[in-house]
1. Quick check on this structure: which one of V93, V79 is assigned by TED's automatic domain parsing to the domain that holds N171 and either out of contact with any Pro (no Cβ under 7 Å at 6 or more places or on another chain) or among the polar types (S, T, N, Q) (or both)?
2. Given (1) modelled with pLDDT of 95 or more; (2) surrounded by fewer than 21 Cβ atoms within 10 Å (Cβ to Cβ), where does P346 come up short, assuming only one miss?
3. Got a number for residues in region 283-332 being more than 22 Å from the chain's Cα centre (by Cα), outside any helix (DSSP H, G or I) and at pLDDT 95 or above?
4. Go through region 244-266 and count every residue that is modelled with pLDDT of 95 or more and polar (S, T, N, Q).
5. Within region 60-106, track down each residue that is within 20 Å of the chain's Cα centre (by Cα) and crowded, with 16+ Cβ neighbours inside 10 Å.
6. Suppose we filter region 270-320 for residues that are farther than 28 Å from N63 by Cβ, surrounded by fewer than 20 Cβ atoms within 10 Å (Cβ to Cβ) and not hydroxyl-bearing (S, T, Y); how many remain?
7. Being among the acidic types (D, E), in contact with a helix residue (DSSP H, G or I) (Cβ under 6 Å, 6 or more places away or on another chain) and surrounded by fewer than 20 Cβ atoms within 10 Å (Cβ to Cβ), is that true of even one residue in region 170-186?
8. Give the residue, chosen from I368, I349, I380, I392, that is under 13 Å from I227 (Cα atoms) and of a type in the set (A, V, I, L, M, F, W, C).
Amino acid sequence: MPSSKVTKIDENILRERLAAFEPEPLVRYEQIKDKHDIEIPCVTADQETINLAQANYLNILNNNDIKKTSENIIRKYGVGTCGPRAFYGTTDVHLKLEEHIASFLGMDESIVYSYGFVAISSSIAAYCKKNDVVFTHKDCNIAIQQGLQMAKSKVCYFDHQDPNSFAREVNKIVELEKGKKKVSRKFLIVEAVSWSTGQILPLPEYLQIAEENIIRVFLEESYSIGILGRSGKGMLEHFDIDSYRVDMIISTLEAAVGSIGGFCAGSHTAIEHQRLSGSGYIFSASLPTYLVQACIESIDLITEETTKKLGVLSKKFHSTLLNCGYNVQSNPLSAFKVFTVKEKDPNLIKQKVQNIYEYCKDNGIFLILKENALMANLNIVLLDQPERYEKIEKVLTSATSL
């Protein structure tokens, strides 16, 4: 039998060997720069700079009351639970936010995820399976695409602004399944406001087609909640549609709400299913409690007054872009504007857009550079800052002559 005697290591020798140990680096760098030599692009918060790249539609990110409350929550709960919702990751504040969202949207129940991207992708994968058919638009966002990739469902694409193209895709599937004993489950997953174009979905027409063909409807409302509707409750309020006609609302909390995370809202059955099948809910550490509280207070700040004011600004900025000579793709009510130059030669558009982006940045106006287009996120305070608004107008007008 082997000896159970344990050899004692000389402590002095051990310390010497540990001190002399020099492990090989995991990554070899040819050149190591000092942190002061690394250029870090930063949008400064001075009066000369106007940040239209940041999504801060209701100016919630600058709300000092919410910052103070978040500080108090950290002192009480700490910075995070370090566990998924089902394993020590749920606090009373998480449950309060879920009730708050459901009540705000007029839905039975809601579920909160710690990351907006995962809320969208995980909820899709939780319901849509390999034998299902999903209808979505061609320019859907990356989170939807990721969810569909995980689901492995058959995907049919249509044009976001054309209900007839959706109807044609539905009819193709119906024809293929004629005479079959078992037909596939069908889902419509669509953005209320297209992140690619800023266009608002003609929802009533889509719902009619979906209801006629027994298609479940998942509405992605990241850029309509807090923006559209009489009191900022999103697309259903905007079109005066009963909540029961939509199976689930999916959204991030990172746009008008101004925090981190995402949620799904729907019937009790639809939401409860995700607590066991939503991978992003089960395996991710829960949203830090101070951010949960920030969401609750942010939702309370979404009112008829803020929605109306943001709508006035959106229409005004839309007209400003047209008057400056740009082609505007987004809807006048969209809180972010997608626009490009008036140029017939497609080979010149990209360079002109790049030049305008650089010119605006050099003059203190920060935009988002998209492929062959620019994007500007509005902030409600611009209505109360005529000098800053005039600066934006002046710089955008001068940029068109480049």
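The values are calculated or read from the model by the stated rules, or taken from the named source; none is laboratory data. A quick note: this is a predicted structure, and the numbers were derived from the prediction, not measured. Cβ: placed from backbone, ideal geometry, glycine included. Neighbour counts: every protein chain shown.
1. Working: V79 fails: either out of contact with any Pro (no Cβ under 7 Å at 6 or more places or on another chain) or among the polar types (S, T, N, Q) (or both).
So the residue among V93, V79 that is assigned by TED's automatic domain parsing to the domain that holds N171 and either out of contact with any Pro (no Cβ under 7 Å at 6 or more places or on another chain) or among the polar types (S, T, N, Q) (or both) is V93.
2. (1)
3. Total satisfying the criteria: 2.
4. 2
5. First pass over region 60-106, keeping only residues within 20 Å of the chain's Cα centre (by Cα): 60-62, 94, 97-98, 100-102, 104-105.
Of everything in region 60-106, those that are within 20 Å of the chain's Cα centre (by Cα) and crowded, with 16+ Cβ neighbours inside 10 Å turn out to be I60, L61, H94, L97, E98, H100, I101, A102, F104, L105.
6. Count: 6.
7. Residues of region 170-186 that are among the acidic types (D, E), as a first pass: 175, 177.
Within this subset, residues satisfying the condition of being in contact with a helix residue (DSSP H, G or I) (Cβ under 6 Å, 6 or more places away or on another chain) are none.
No, region 170-186 has no match at all.
8. Numbers: I368 fails: under 13 Å from I227 (Cα atoms); I349 fails: under 13 Å from I227 (Cα atoms); I392 fails: under 13 Å from I227 (Cα atoms).
Criteria check complete, one pass: I380.
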